[in-house]
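A.B. asks: My questions all concern the structure below.
The values are calculated or read from the model by the stated rules, or taken from the named source; none is laboratory data. Owing to the predicted nature of the structure, the values given are computational and were not obtained by experimental measurement. Cβ atoms come from the backbone with ideal geometry, glycine included; neighbour counts cover every protein chain shown. Side chains are part of the model used for accessible areas, which takes the heavy atoms of the whole protein and leaves out ligands, DNA and RNA. Shrake-Rupley method; radii C 1.70, N 1.55, O 1.52, S 1.80 Å.
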Amino acid sequence: MSVGQKRLFRNLKLVKSDYSGHQAKMAFIVEDGHLIWMGSQSKIPKGLKPKDEFDLKGQLVMPSFIECHTHTVFAGSRADEFEMRNQGKSYLEIATSGGGILSTMKKTRSASVKQLLEKTQPLVDGFLAQGVSTLEIKSGYALDLKNEIKLLETIQKLKGPQIISTFLGAHALPPEFKTHSEYLTYLGTKVLPVIRKKKLSNRVDIYIETKFFESGPAQAFLKQAQTLGFQITIHANQLSMSGGAELALELGAQSADHVIHLNEKTIQRYGKSKTVAVLLPAADLYMKCAYPPARQLIDAGATVALATDFNPGTSPTQDLSLVGFLARLEMKMTLAEVFQAYTSGAAKALGIEQSQGDLALGKEANFICTDAELSDFFYSIGNMPRHTLFIRGLAVKI
Ligand code: NIG
Ligand code: FE
């Protein structure tokens with residue numbers, strides 16, 4: 001949208017911020033992609049009335065979705081591992097015998113930016129088609145300076161939603177290093193400064209888990225990242241009580257993700273913390289894990305977000321409807337909580353809550369409009385109700 005351009009959207013049903021229902025006959029005005037006026041359509045200020053007018057014909061309007069945890073850039077497939085897991089091999093067994101993240105690493109290192117873009121852009125389009133206006137994508141399938149940079153540069157070239165990249169070099173131990181500590185030192189001293197200098201990402205993630213990175217060495221690495229100006233996030237407590245969830249609190253991370261294995265004390269601490277608990281139930285379904293204690297976290301006062309964790313290993317699905325469905329069915333989240341987790345909760349997890357995540361004055365006009373009811377969402381697996389997505393006030397053609 002060009003500078004100064006105003007657009008009026010009228011005749012809409014605005015979903016209330018707590019998703020308890022909607023207000024009919026509403027209107028809003030967008031200028032330079034941001035909401036500058038909202039209210040009853042009978043009260044549109046004459047002086048503000050722009051030439052560009054859109055009649056939304058009584059459709060429901062609500063914030064678009066923010067997908068805050070994905071591993072969308074990778075080469076190859078790990079479909080064979082799904083069969084192996086179903087025949088009794090564990091994720092860790094496959095990982096320690098050359099499969100898992102390292103098998104994706106081999107294919108990803110040898111792919112060009114062009115090849116990666118050709119594979120990734122349709123996947124990004126797949127999120128856009130579901131009403132995702134902002135998409136987080138992690139690196140982490142290359143595990144060396146040259147190729148991790150290649151992944152982050154690929155992410156920068158993707159089109160469609162607004163994209164936030166996260167550096168996940170600390171995803172697994174690459175074959176060039178003997179110990180996780182040596183690799184973390186390499187990442188902290190040789191890789192992070194380059195990523196910072198090239199402005200390829202301002203977020204750093206790490207996989208803290210048995211047989212992956214331990215919370216002790218992780219702490220030093222994450223502090224180094226913070227000193228360089230990165231925000232941090234942690235893959236925490238997915239398969240065990242790894243200490244990642246507690247470290248996220250201590251370091252003031254933007255989020256701790258997975259967080260399945262939490263004790264009562266930690267749950268209460270999340271209730272008082274700004275760190276968001278990002279819940280990834282599609283991965284839990286594929287991994288046959290327990291689901292995270294969403295109800296306890298929310299009841300304690302924690303902010304939760306939901307995401308697909310889309311990746312070729314533990315969550316080869318991009319389906320937001322499945323994620324929300326599992327949150328309702330298995331984690332006892334209410335429909336309103338699911339919407340909040342996929343909008344304002346996800347915005348907070350990415351540190352963009354000042355400008356995105358709800359429809360409020362001064363924020364970006366990122367919204368979807370639909371003929372469906374709120375209750376049609378996160379109900380039918382594989383089925384996102386028909387809608388139109390607007391990013392910064394512009395309709396997205398899909
Ligand atoms: O979020 N847990 C670590 N990372 C991914 C899995 C990556 C993979 O298996 O390729 C996750 O589950
Ligand atoms: Fe993940």
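A.B. asks: Mind listing the long-range amide H neighbours of ASP309? Cut-off is under 5 Å, sequence gap 5 or more, other chains count too, H placed in the peptide plane at 1.01 Å from N.
C.D. replies: For ASP309, whose amide H was placed from the backbone, the distant partners under 5 Å are HIS69.
A.B. asks: Next up: What figure, in Å² to the nearest 10, do you get for the accessible area of ILE234 with a 1.4 Å probe and non-protein molecules left out?
C.D. replies: Here the accessible area works out near 0 Å².
A.B. asks: Further, regarding this structure: For region 251-330, what's the radius of gyration and Dmax over Cα atoms, in angstrom?
C.D. replies: 12.3, 34
A.B. asks: Any idea of the accessible area per residue across region 266-380, 1.4 Å probe, to the nearest Å²?
C.D. replies: In whole numbers, region 266-380 has 34 Å² accessible per residue.
A.B. asks: A further question follows. Considering only protein heavy atoms, what per residue accessible area in square angstrom results for region 140-216 with a 1.4 angstrom probe?
C.D. replies: 42 Å²
A.B. asks: Placing unit charges on C-beta atoms (Lys and Arg positive, Asp and Glu negative, everything else neutral), compute the dipole magnitude of region 65-349 about its Cα centre in debye, rounded to 20.
C.D. replies: The calculated dipole for region 65-349 is roughly 780 debye.
A.B. asks: What value in Å³ per residue do you get for the convex hull of the alpha-carbon atoms in region 337-380?
C.D. replies: 82 Å³
A.B. asks: Sum -39500 (n - 2.57) across every DSSP H segment of at least 4 residues in the chain, then divide by the residue count to get the 222 nm mean residue ellipticity, nearest 500.
C.D. replies: That calculation yields -9000 deg cm²/dmol at 222 nm.
A.B. asks: At 4 °C and 1.567 mPa s, grab the translational diffusion coefficient of region 63-189 from Stokes-Einstein with a Kirkwood Rh over Cα pairs, rounded to a whole number in µm² per second.
C.D. replies: Translational diffusion coefficient: 83 µm²/s.
A.B. asks: Name the residues of region 27-63 whose amide N is less than 20 Å from a point 7 angstrom out from the Cα of SER355 along the C-beta direction?
C.D. replies: Under cut-off, by backbone N: 29-37, 63.
A.B. asks: Another one. Counting only heavy atoms of the protein chains, get the accessible area per residue of region 1-90 (1.4 Å probe) and round it to a whole Å² value.
C.D. replies: Per residue, region 1-90 has 49 Å² of solvent-accessible surface.
A.B. asks: Using a 1.4 Å probe on the protein heavy atoms, what percent of the accessible area of the chain belongs to carbon and sulfur?
C.D. replies: Carbon and sulfur atoms account for 52 percent of the accessible area of the chain.
A.B. asks: Can you give the Rg and Dmax of the chain based on its C-alpha atoms, in angstrom?
C.D. replies: Just the Cα atoms of the chain yield Rg and Dmax of 21.1, 69 Å.
A.B. asks: Between region 321-396 and region 235-292, how many Å separate their Cα centres?
C.D. replies: The two parts, judged by their Cα centres, are 22 Å apart.
A.B. asks: Using modelled amide H (1.01 Å from N, peptide plane; none on Pro or chain starts), what sits under 5 Å from the amide H of THR166, excluding residues fewer than 5 places away?
C.D. replies: Here ILE137, LYS138, SER139 satisfy the definition.
A.B. asks: Pairs LYS223/LYS272; LYS6/LYS46; LYS25/LYS49; LYS107/LYS150; LYS150/LYS197; LYS114/LYS146: which are spaced more than 19 Å apart, C-alpha to C-alpha?
C.D. replies: Listed pairs above 19 Å: LYS223/LYS272.
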